[in-house]
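Coordinate-derived values only; no laboratory data. Being a predicted model, the structure only gives us computed values, none of them experimental. Neighbour counts run over all protein chains shown; Cβ positions are idealised from the backbone, glycine included.
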Amino acid sequence: MHDARKTRKCLEDFEDGTTFRYRVPGLTAEEIKAFAAQYDPQRFHLDEHAASETHFGGLVASGFQTQLKCFGPFCREALLDTSAVGAPGIDNLKWLRPWYPGEDLNVVVTLTGKRMSAKRTDRGYLSVSLLADVKGEPVLSMEWVIIMLTRQGQADAHAKAAGVAQA
């Protein structure tokens with residue numbers, strides 16, 4: 001069960017330059033086609049023969065599937081036990097090269113900046129950069145900002161939740 005009152009890592013616990021490294025196992029053709037059928041139904045994601053007649057030369061994963069496969073491990077490793085409260089969006093997202101079946105991705109996520117909110121004293125922002133490659137050849141780059149509570153912001157949220165629970 002999820003305990004919202006648990007003390008979690010806060011803005012102050014993160015340092016610029018911190019990196020997270022991991023590998024994303026290659027996808028099978030079946031995984032690529034199943035995702036595409038539901039979310040990105042284009043011929044070069046759905047059918048090997050049709051894909052072979054495109055500039056890709058074969059079946060490729062959807063860029064969205066690539067992004068999600070790279071983002072999930074970072075969330076589980078770095079964000080799950082934090083006071084993150086969302087993100088205002090993605091600042092930069094580039095699909096630099098197709099991801100073909102069976103290729104493993106090497107992913108590096110770097111915290112590139114940290115600042116307090118100008119409007120709210122209970123939170124700040126972590127700037128993050130992700131780069132995924134296959135054997136040194138870039139496949140995906142992404143930059144975004146994570147909204148993260150401070151220690152005081154987390155304590156205030158716990159106190160507010162306790163007051164609501166008692167009411």
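Once you charge only the Cβ atoms, +1 for Lys and Arg and -1 for Asp and Glu, what is the size of the charge dipole of the chain about its Cα centre, to the nearest 20 debye? Write down the numbers at each step before the final one.
Values: 20 positive and 21 negative charges, 157 e Å.
Taking the Cα centre of the chain as origin, the dipole is about 760 debye.
Two decimals is fine: what's Rg over Rh for the stretch 74-115, C-alpha atoms, Kirkwood radius as Rh? Intermediate results must be reported in sequence, preceding the final value.
Details: Rg = 13.8 Å, Rh = 13.6 Å.
Ratio of gyration radius to Kirkwood radius for the stretch 74-115: 1.02.
Multiply the residue separation of residue 96 and residue 16 by 0.36 nm, subtract the distance between their alpha-carbon atoms, and state the gained length in nm to one decimal.
Values: separation 80, 0.36 × 80 = 28.80 nm, distance 2.54 nm.
Working it through step by step, the gained length comes to 26.3 nm.
If you stretched the chain out fully between residue 85 and residue 134, how much longer would it get, using 0.36 nm times the residue separation minus the C-alpha to C-alpha distance? Mind dumping the intermediate values first?
Details: separation 49, 0.36 × 49 = 17.64 nm, distance 3.16 nm.
Going from the current span to full extension adds 14.5 nm.
If you build a Gaussian network model of the chain, linking Cα atoms that sit under 10 Å apart, which residue out of 133, 104, 156 swings the most?
Fluctuation is largest for 156.
Return the distance in nm (one decimal) between the two label points of a simple spin-label model at residue 119 and residue 151, each offset 7 Å from Cα along Cα→Cβ.
2.7
Students often forget the sequence filter, so: which lysines lie under 24 Å Cα-Cα from residue 94 once same-chain residues fewer than 8 apart are removed?
Cross-link targets: 33, 69, 114, 135.
Can you list which of the trypsin sites (Lys or Arg not before Pro) found in the stretch 106-162 are DSSP loop residues with at most 12 other C-beta atoms within 10 Å? Let's see the in-between values first.
On the way: sites: 114, 115, 119, 120, 123, 135, 151, 160; in loops: 119, 120, 135.
Here the trypsin sites (Lys or Arg not before Pro) that fit, given the DSSP loop and packing criteria, are 119, 120, 135.
In the stretch 93-117, whose amide N lies under 11 Å from the spot 7 Å out along Cα-to-Cβ of residue 23? List them in ranges.
Flagged as within label range: 104-107.
For the stretch 37-119, max minus min Cα coordinate along each principal axis, in Å, sorted largest first?
53, 25, 23
Within the stretch 33-116, which GluC sites (Glu not before Pro) sit in a loop by DSSP and count at most 14 neighbouring Cβ atoms inside 10 Å? Before the final figure, lay out the partial values.
Working: sites: 48, 53, 77, 103; in loops: 53, 103.
Taking the stretch 33-116 and a limit of 14 other Cβ atoms within 10 Å, the loop GluC sites (Glu not before Pro) found are 53.
Can you give the Kirkwood hydrodynamic radius of the stretch 12-166 from its Cα pairs, in Å with one decimal? Mind showing how you got there, number by number?
Values: mean 1/r = 0.0575 Å⁻¹.
Final number for the Kirkwood radius of the stretch 12-166 is 17.4 Å.
Calculate, for residue 106 and residue 7, the FRET efficiency according to 1/(1 + (r/R0)^6) with r their C-beta to C-beta distance and R0 35 Å; round to the nearest 0.05. Walk me through the intermediate numbers first.
Working: r = 33 Å, r/R0 = 0.94.
E between residue 106 and residue 7, to the nearest 0.05, is 0.60.
Under 18 Å from the Cα of residue 160, which lysines turn up, not counting those fewer than eight places away in the same chain?
Those lysines meeting the cut-off are 6.
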